[in-house]
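The values are calculated or read from the model by the stated rules, or taken from the named source; none is laboratory data. What you are looking at is a predicted structure, and each value in this text was computed from that prediction instead of being measured. Methodologically, a virtual Cβ is constructed for each residue, glycine included, from the backbone with ideal geometry; neighbour enumeration extends over all protein chains shown.
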Amino acid sequence: MRLRQLALVAAIDEYGSVNAAAPLVHVTQPAATKMLHGIEEQLGGPLFVREPRGMVPTPLGRAVALFGRQVVGDLSRLRDEAVGLASGARGSIVVGCTTAPISSVLTPAIASLALSSPSATVKVVVDSSDVLLPQVLAGRVDLMLGRVYSAEAGIFHFEALASDSLCIVSGPARRARPKLRSLQALAERSWILPPVGNLLRSTVDAAFRASDLSPPRVTVETSSTIVTLSLLAATDMISVLPSRMAQDYRGHGVVSIIETASDLELGPFGLVWRAGRILSPLAQAFCMHVRASVRAD
C-alpha cells in the first residue's frame, strides 16, 4: 500500500467525502475514487459507507485511517526534523499542553531547554486533553502534558508526574476572607464551567452527586481560561481551576479561592506520547527538563 493511498483514506475519514479529500493528496476526484476502490479490493472489504451526513468509515476504514494518520504524521515530523538539522538547528518538537501546567511546569521546562539547546524550536499547542490526545495519536503532536482517560490508556504511554485537584474560585473583589462553604450553598450560585465531557466538568458534577446534590446550574459554558477569568472579574459567578493555577492566580490578585470541605481530585497529570513511538533526542531532552520542573515545583 502506498503512502498516498493511506493519506487518501485518512483525508476521507476527516472530511467525509472523496471530493474534499482528493485535492489534499493532489489527485482528481475520479482518480481518488479509483484509488479508494483499489484499496478496498486489496483489503477485501469496504472502508466507508455513504450516509446523508457523508462517508462514514467502517471498522476496517477506521483502522486504516488511524494508521494512515500516524504514518503521514510521522513522516511530516521527520521532514521537519531533517530540515531543522540541515539548517544547523537541533530540530523541533510539537508539545501539547493543558492549561494547568503551563506556568509551573511547561514554562520552566522550555526555558531550561532553550539554554541547553538554543537552536531548537518548540511549538506549543494548548487545549484540553480530549482535544490533544487524537493529535498525539495522529503524530501531529509529539508529546503532551496532560491526562489520559482510562479508556485510552492502552494506546498511549503515560508517565505520571504529579497529582492535582480543583479549587472553586470567585472574582478578585471577594478575595478578602473566603469562607468555608457547603456545596449545597454553592449550587445556588451561577457557574462558569467547561462543556460536558471535559474532565473538570465531570469532576465537579461527580462531587455534587456524591453529596446527593444535582450538578450546579451552569450559566456559561467555556473551555477558555481567559473568558473564565474575565467573567469572574466582572460578575458574581464562580468557577473551578486546577489548584496550581488557582494558587498562582490568587498570588497575583486575579481570583480568590472559596474553601470547601469537599475534595475535587483530578488525579495525576504527566507526559503522554503514543505507545510504541520512539521519541527524538530533543523530545527526550524536553521530558528531562519537564521532570526537573516538577521536582522543583
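Quick grid of which residues meet (1) part of a helix (DSSP H, G or I); (2) touching a Leu at 6+ places or on another chain (Cβ under 8 Å):
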| site | (1), (2) |
| --- | --- |
| Ala20 | yes, no |
| Ala32 | yes, yes |
| Leu36 | yes, yes |
| Pro46 | no, yes |
| Met55 | no, no |
| Phe67 | yes, yes |
| Arg79 | yes, no |
| Val94 | no, no |
| Leu115 | yes, no |
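Apart from one condition, Asp80 fits all of (1) at pLDDT below 90; (2) buried (at least 20 other Cβ atoms within 10 Å of the Cβ); the exception is (2). In this entry, Leu282 passes the filter for residues that are over 19 Å from Ala160 (Cβ atoms), in contact (Cβ under 8 Å) with a residue 60 or more places away in the chain and not assigned by TED's automatic domain parsing to the domain that holds Leu193. Looking at Leu66, Leu8, just one residue is of a type outside the set (S, T, N, Q) and either closer than 24 Å to Gly146 by Cα or without any contact (Cβ under 8 Å) to a residue 12 or more places away in the chain (or both), and that residue is Leu66.
When you look at Arg244, is it touching a residue at least 40 places away in the same chain (Cβ under 8 Å), crowded, with 19+ Cβ neighbours inside 10 Å and not assigned by TED's automatic domain parsing to the domain that holds Pro134, yes or no? Spelling it out, Arg244 is indeed touching a residue at least 40 places away in the same chain (Cβ under 8 Å), crowded, with 19+ Cβ neighbours inside 10 Å and not assigned by TED's automatic domain parsing to the domain that holds Pro134.
Checking each residue of the range 22-33 against the condition of being within 25 Å of Val136 (Cβ to Cβ), surrounded by fewer than 19 Cβ atoms within 10 Å (Cβ to Cβ) and modelled with pLDDT under 90 gives at least one match.
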